[in-house]
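**Student:** Following this message is one structure expressed as structure tokens.
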There are 2 protein chains.
Amino acid sequence: MTQCFQKMAAPGRKVLIVYAHQEPKSLNGSLKNIAVEELSKQSCSVTVSDLYSMEFEPRATRNDIVGCLHNSEQFNYGAESWEAYRKGCLTTDIVEEQKKVQEADLVIFQFPLYWFSMPAIMKGWMDRVLTQGFAHNFPDCFDAGLLKNKLALLSFTTGGNEEMYSKGGISGDIHYVLWPMQHGMLHFCGFKVLAPQICFSPEYETEEKRKEMLTTWAQRLKTIWEEKPINCTPEWYFR
Amino acid sequence: MTQCFQKMAAPGRKVLIVYAHQEPKSLNGSLKNIAVEELSKQSCSVTVSDLYSMEFEPRATRNDIVGCLHNSEQFNYGAESWEAYRKGCLTTDIVEEQKKVQEADLVIFQFPLYWFSMPAIMKGWMDRVLTQGFAHNFPDCFDAGLLKNKLALLSFTTGGNEEMYSKGGISGDIHYVLWPMQHGMLHFCGFKVLAPQICFSPEYETEEKRKEMLTTWAQRLKTIWEEKPINCTPEWYFR
């Protein structure tokens, strides 16, 4: 697959940061702040969805549909939320997140890796916001996904170190962990996926090393609009 | 790695089913019911955690720790929940789930695959219940994980069909999706993982085919205690 991706100038570009950490003083908090700062300097418009502060609801339930159900005899979340999207009957917090996504050129997900995945509060964002009809609509998925003109990037911290997350390490290649998130969630919706930003094991690193992680991220963001997306195919993950 | 696993007789065995579906009349609901029925027939003691009915909290927050924090200046969920576990200061709903896990010989997770993973409500169960000190405590992880005398099994339904989830299919080999859940969550805590029970694409199948899915599951459960766990290494997943 050849990726043709238009080079975008920064000013006026819109960025959504979906952020999931309980502590503003955490490294995740600093990584989020640095992104806001750096992208604002480039005259991008930056919006942050701070999921814990918002007390974002992760559970996909009947409450997500305002008013009557299409089939109240047997509740089917996927079918009901799709129908509700079409009729404009999704609950407010979902609609607000969808608006932010719709406007964004780039969505950055900032989180600590929990159990080889994202924290439940962010998984709930995926479950509830990326509704059929809005983000995908078979066969409009993967390269034809409805969010295909957008970029996405996972930025996360890990507990284990880089050696553990190598091919021979006890946690296996970090690429394995990326597959469900980058391919199954983001690429499925059409997002062009930029290379992940991974801070390995900051808790066990020196203060100096942690500062370096912040600087590296800030540096990368300076030229983020020139980056080419990864080739999101099995070969990228399972070499 | 050679798996030596003692053959267990059914009577008296304890099973916990962690169940995440909003609709009792769904196939997931039926799969759960059939497991309760079949295992009860074998005189196993079966407990169900019906996460949606319980309105289970998926968000890992400060509320999970009763009383004072170890470090209230900078909240670290992993460190605080570990400390709270040791001091007996975890919130009641977590303690209750941990008791159920502690007593179980086998934990079955019954859910629909959402975004190449489990629904957020179940991910939250993993995030909050499998506390350090209770389920793992480095280097007591993977084969040495604290739940190493227990079995676990993922039983789930998918949206995509089996062809889509094959090696050359657009969703990639289903084994790729299993890695974070079976290796990163279950095996990390020491669980011996039984082969997953996967019902591909029941929504697009005939009523007859769906009934067959239930029968197959019931049949398998008759000899579940004789099964040998999978060899939970990268080779099993990324052949």
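**Student:** Out of curiosity, is A:GLN102 over 19 Å from A:ALA20 (Cβ atoms), within 8 Å of chain B (Cβ to nearest Cβ) and surrounded by fewer than 16 Cβ atoms within 10 Å (Cβ to Cβ)?
**Tutor:** Values: over 19 Å from A:ALA20 (Cβ atoms): yes; within 8 Å of chain B (Cβ to nearest Cβ): no; surrounded by fewer than 16 Cβ atoms within 10 Å (Cβ to Cβ): yes.
When the stated conditions are applied, A:GLN102 does not pass them.
**Student:** Restricting to the range A:182-198, what's the tally of residues that are part of a helix (DSSP H, G or I) and either over 16 Å from A:LEU106 (Cα atoms) or at the interface with chain B (Cβ under 8 Å from one of its Cβ atoms) (or both)?
**Tutor:** We begin by selecting, within the range A:182-198, every residue part of a helix (DSSP H, G or I); these are A:182-189.
From the residues that got through so far, the ones that are either over 16 Å from A:LEU106 (Cα atoms) or at the interface with chain B (Cβ under 8 Å from one of its Cβ atoms) (or both) too are A:183-185, A:188.
So the answer is 4.
**Student:** Would you please name the residue that is nearest to the other protein chains (Cβ to nearest Cβ), looking only at residues in the range A:10-31 that are open to solvent by 30 Å² or more (accessible area, probe 1.4 Å) and farther than 16 Å from A:LEU113 by Cβ?
**Tutor:** Top of the filtered list is A:LYS25.
**Student:** If you check A:GLY168, A:GLY184, A:GLY172, A:GLY190, which single one turns out to be under 20 Å from the mean Cα position of the chain (by Cα) and more than 24 Å from A:ARG13 (Cβ to Cβ)?
**Tutor:** Working: A:GLY168 fails: under 20 Å from the mean Cα position of the chain (by Cα); A:GLY172 fails: under 20 Å from the mean Cα position of the chain (by Cα); A:GLY190 fails: more than 24 Å from A:ARG13 (Cβ to Cβ).
Answer to the check: A:GLY184.
**Student:** Looking at this structure, is B:PHE109 modelled with pLDDT of 95 or more and of a type outside the set (Gly, Ala, Ser)? Steps first, please.
**Tutor:** Details: modelled with pLDDT of 95 or more: yes; of a type outside the set (Gly, Ala, Ser): yes.
Judged against the criteria, B:PHE109 is a match.
**Student:** Out of B:SER81, B:SER49, B:SER30, I need the residue that is in contact with an Asp or Glu (Cβ under 9 Å, 6 or more places away or on another chain) and more than 29 Å from A:ASN28 (Cβ to Cβ). Which one? Before you say what the answer is, go through the steps one by one.
**Tutor:** Details: B:SER81 fails: more than 29 Å from A:ASN28 (Cβ to Cβ); B:SER30 fails: in contact with an Asp or Glu (Cβ under 9 Å, 6 or more places away or on another chain).
Going through B:SER81, B:SER49, B:SER30 in turn, just one is in contact with an Asp or Glu (Cβ under 9 Å, 6 or more places away or on another chain) and more than 29 Å from A:ASN28 (Cβ to Cβ): B:SER49.
**Student:** Would you check if there is a residue in the range B:120-131 being basic (Lys, Arg), more than 12 Å from the chain's Cα centre (by Cα) and not in a loop (DSSP other than H, G, I, E, B)?
**Tutor:** First, pick out the residues of the range B:120-131 that are basic (Lys, Arg): B:123, B:128.
Those still in the list that are more than 12 Å from the chain's Cα centre (by Cα) too: B:128.
With not in a loop (DSSP other than H, G, I, E, B) added as a condition, the list becomes B:128.
The answer is yes; a qualifying residue exists.
**Student:** Could you please find all residues in the range B:86-99 being open to solvent by 50 Å² or more (accessible area, probe 1.4 Å) and outside any helix (DSSP H, G or I)?
**Tutor:** B:GLY88
**Student:** Something else: Which one is farthest from the other protein chains (Cβ to nearest Cβ), of the residues in the range B:105-145 that are open to solvent by 10 Å² or more (accessible area, probe 1.4 Å) and among the charged types (D, E, K, R)?
**Tutor:** Checking each candidate, the answer is B:ASP105.
**Student:** Can you tell me which of A:TYR204, A:TYR237 is open to solvent by 60 Å² or more (accessible area, probe 1.4 Å), closer than 23 Å to A:TYR114 by Cβ and not acidic (Asp, Glu)? First the steps, then the outcome.
**Tutor:** On the way: A:TYR237 fails: open to solvent by 60 Å² or more (accessible area, probe 1.4 Å).
None of the other options fit; the residue is A:TYR204.
**Student:** Given A:MET181, A:MET164, which one is surrounded by fewer than 17 Cβ atoms within 10 Å (Cβ to Cβ), closer than 24 Å to B:PHE116 by Cα and at pLDDT 95 or above? Spell out how you get there, then give the answer.
**Tutor:** Working: A:MET181 fails: surrounded by fewer than 17 Cβ atoms within 10 Å (Cβ to Cβ).
Unique residue meeting the criteria: A:MET164.
**Student:** Name every residue in the range A:212-234 that is open to solvent by 50 Å² or more (accessible area, probe 1.4 Å) and among the basic types (Lys, Arg), in order of residue number.
**Tutor:** A:LYS222, A:LYS228
**Student:** If you check B:ILE34 against the conditions, is it under 22 Å from A:ALA20 (Cα atoms) and hydrophobic (A, V, I, L, M, F, W, C)? It would help to see each step written out before you state the result.
**Tutor:** Working: under 22 Å from A:ALA20 (Cα atoms): no; hydrophobic (A, V, I, L, M, F, W, C): yes.
No.
**Student:** Shifting gears a bit: Name every residue in the range A:199-221 that is assigned to a helix (DSSP H, G or I) and within 24 Å of A:HIS187 (Cα to Cα), in order of residue number. Before you say what the answer is, go through the steps one by one.
**Tutor:** Our first condition is that a residue be assigned to a helix (DSSP H, G or I); within the range A:199-221, this holds for A:202-204, A:207-221.
Listed by number, the residues that qualify are A:TRP217, A:ARG220, A:LEU221.
**Student:** Another question about this same structure. What is the residue count in the range A:172-181 for residues that are in contact with a strand residue (DSSP E or B) (Cβ under 6 Å, 6 or more places away or on another chain) and more than 10 Å from chain B (Cβ to nearest Cβ)?
**Tutor:** 0
**Student:** Of all residues being assigned to a loop (DSSP other than H, G, I, E, B) and open to solvent by less than 20 Å² (accessible area, probe 1.4 Å) in the range B:151-161, which is nearest to the other protein chains (Cβ to nearest Cβ)? Just the residue, please. Lay out the reasoning, then the answer.
**Tutor:** Filtering the range B:151-161 for residues assigned to a loop (DSSP other than H, G, I, E, B) gives B:158-161.
Subset that is open to solvent by less than 20 Å² (accessible area, probe 1.4 Å): B:158, B:160.
On the way: B:THR158: 11, B:GLY160: 9 Å.
Here the residue is B:GLY160.
**Student:** Would you mention how many residues in the range B:206-227 are farther than 16 Å from B:LYS41 by Cα and of a type in the set (Phe, Trp, Tyr)?
**Tutor:** 0
**Student:** Which of the residues that make up the range B:32-55 are under 24 Å from A:LYS123 (Cα atoms) and open to solvent by less than 10 Å² (accessible area, probe 1.4 Å)?
**Tutor:** B:SER49, B:LEU51
**Student:** All but one of (1) open to solvent by 60 Å² or more (accessible area, probe 1.4 Å); (2) touching a residue at least 24 places away in the same chain (Cβ under 8 Å) hold for B:LYS209, so report the exception by its number.
**Tutor:** In the conditions (1) open to solvent by 60 Å² or more (accessible area, probe 1.4 Å); (2) touching a residue at least 24 places away in the same chain (Cβ under 8 Å), B:LYS209 misses (2) alone.
**Student:** With respect to the numbered conditions (1) surrounded by 13 or more Cβ atoms within 10 Å (Cβ to Cβ); (2) out of contact with any Lys or Arg (no Cβ under 9 Å at 6 or more places or on another chain), which one is the sole condition not fulfilled by B:PRO58?
**Tutor:** With (1) surrounded by 13 or more Cβ atoms within 10 Å (Cβ to Cβ); (2) out of contact with any Lys or Arg (no Cβ under 9 Å at 6 or more places or on another chain) applied to B:PRO58, the lone miss is (2).
**Student:** Name the single residue, out of those in the range A:73-85 being of a type in the set (D, E, K, R) and surrounded by 14 or more Cβ atoms within 10 Å (Cβ to Cβ), that is farthest from the other protein chains (Cβ to nearest Cβ). Before the answer, list the steps.
**Tutor:** Within the range A:73-85, the subset of a type in the set (D, E, K, R) is A:73, A:80, A:83.
In the following step, the residues that additionally are surrounded by 14 or more Cβ atoms within 10 Å (Cβ to Cβ) were identified as A:80, A:83.
Working: A:GLU80: 10, A:GLU83: 15 Å.
Once the filter is applied, the top-ranked residue is A:GLU83.
**Student:** Give just the number: which of (1) more than 13 Å from chain A (Cβ to nearest Cβ); (2) assigned to a loop (DSSP other than H, G, I, E, B) does B:GLY169 not satisfy?
**Tutor:** Of everything listed in (1) more than 13 Å from chain A (Cβ to nearest Cβ); (2) assigned to a loop (DSSP other than H, G, I, E, B), B:GLY169 misses just condition (1).
**Student:** How many of the residues in the range A:38-71 are touching a residue at least 60 places away in the same chain (Cβ under 8 Å) and assigned to a helix (DSSP H, G or I)?
**Tutor:** Adding up the residues that qualify gives 3.
**Student:** Here's a follow-up. Name the residues in the range A:197-216 that are in contact with a Ser or Thr (Cβ under 7 Å, 6 or more places away or on another chain) and closer than 17 Å to A:TYR19 by Cβ, would you? Write out each step before concluding.
**Tutor:** Of the residues in the range A:197-216, the ones in contact with a Ser or Thr (Cβ under 7 Å, 6 or more places away or on another chain) are A:197-202, A:214.
Once the filter is applied, which keeps residues that are in contact with a Ser or Thr (Cβ under 7 Å, 6 or more places away or on another chain) and closer than 17 Å to A:TYR19 by Cβ, the range A:197-216 yields A:GLN197, A:ILE198, A:CYS199, A:PRO202, A:LEU214.
The values are calculated or read from the model by the stated rules, or taken from the named source; none is laboratory data. Nothing here was measured: the structure is a model prediction, and the numbers come from that model. Here the Cβ is made from the backbone with ideal geometry for all residues, glycine too, and neighbour counts use every protein chain on show. Note: accessible area is taken over every heavy atom of the protein model, side chains too, but ligands, DNA and RNA are not part of it. Shrake-Rupley method; radii C 1.70, N 1.55, O 1.52, S 1.80 Å.
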